[in-house]
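*Asks:* Please see the structure below; I have some questions.
What follows is calculated from the coordinates using simple rules that are stated; it is not laboratory data. From a predicted model like this one, the values you see are computed outputs, not experimental measurements. As a convention, Cβ positions derive from the backbone with ideal geometry for all residues, glycine included, and neighbour counts pool all protein chains shown.
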């Protein structure tokens, strides 16, 4: 990979990380608004997951709000970096944001289930699943809109369009 291509990817990752932090903020605000309307309690699974990853497993009675925020924004930045790279290499628009929603859900579930801090979505009440998917979609579509606007697809490749 050429130095200029690597530099472009690194720049896109940085822009994407910032966009992901904004997307995480919009998602968190949306969650608070939704919770005010539905009276759904806050989930502390993200914070418990992070603490477990850091070697400090906690019980279900612990409500680590600060750790929740740290996990939301760290995950937002990390997966925003990925979305920024997607934008610069030509994976853009609503299809890319829909795919990114699945990446976000898969990432969260891998960590939450891998640490034992969360249960698989197939075991959740349907309403909880729909709410979670909706909030993750908000994150991915906001992040994608920002990265697609801020980054042109300057590293999109024309190779491999035909038979390999």
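*Asks:* Label-point separation (nm) for residue 159 and residue 129, each offset 7 Å from Cα along Cα-to-Cβ?
*Replies:* Between residue 159 and residue 129, the label points sit 4.1 nm apart.
*Asks:* Against the longest alpha carbon principal axis of the chain, how many degrees, from 0 to 90 and to the nearest 10, is the axis of helix 3-38 turned?
*Replies:* For 3-38 against the chain, the angle is about 30 degrees.
*Asks:* What do you get for Rg/Rh over the chain if you use C-alpha atoms and the Kirkwood form of Rh?
*Replies:* Using only Cα positions, Rg/Rh for the chain is 1.03.
*Asks:* Separation between the residue 62 and residue 36 pseudo-spin-labels, each 7 Å from Cα along Cα→Cβ, expressed in nm?
*Replies:* Placing both labels 7 Å along Cα→Cβ, they lie 3.1 nm apart.
*Asks:* Per DSSP H run of at least 4 residues, take -39500 (n - 2.57); add these up for the chain, divide by its residues and hand me the 222 nm value, nearest 500 deg cm²/dmol.
*Replies:* My calculation for the chain gives -25500 deg cm²/dmol from helical runs alone.
*Asks:* Below 8 Å, C-alpha to C-alpha, sequence gap of six or more: please give me the relative contact order for the chain in percent.
*Replies:* 35
*Asks:* May I ask you to sort 50, 155 by Cβ crowding, counting other Cβ atoms within 10 Å and putting the fewest first?
*Replies:* Neighbour counts put them in this order, fewest first: 155, 50.
*Asks:* Relative to the longest principal axis of the C-alpha atoms of the chain, give the angle of the C-alpha long axis of helix 65-89, reported between 0 and 90° and rounded to the nearest 10°.
*Replies:* Taking Cα atoms only, the helix is inclined about 20 degrees.
*Asks:* If you build a Gaussian network model of the chain, linking Cα atoms that sit under 10 Å apart, which residue out of 82, 129, 151 swings the most?
*Replies:* 129
*Asks:* Related question: What ranking of 42, 97, 140, 2 emerges when the number of other C-beta atoms within 10 Å of each C-beta is taken as an exposure proxy, fewest first?
*Replies:* Result, fewest neighbours first: 2, 42, 97, 140.
*Asks:* On to the next question. What angle, in degrees between 0 and 90 and rounded to the nearest 10, separates the Cα long axis of helix 93-115 from the longest principal axis of the Cα atoms of the chain?
*Replies:* The angle comes out near 40 degrees.
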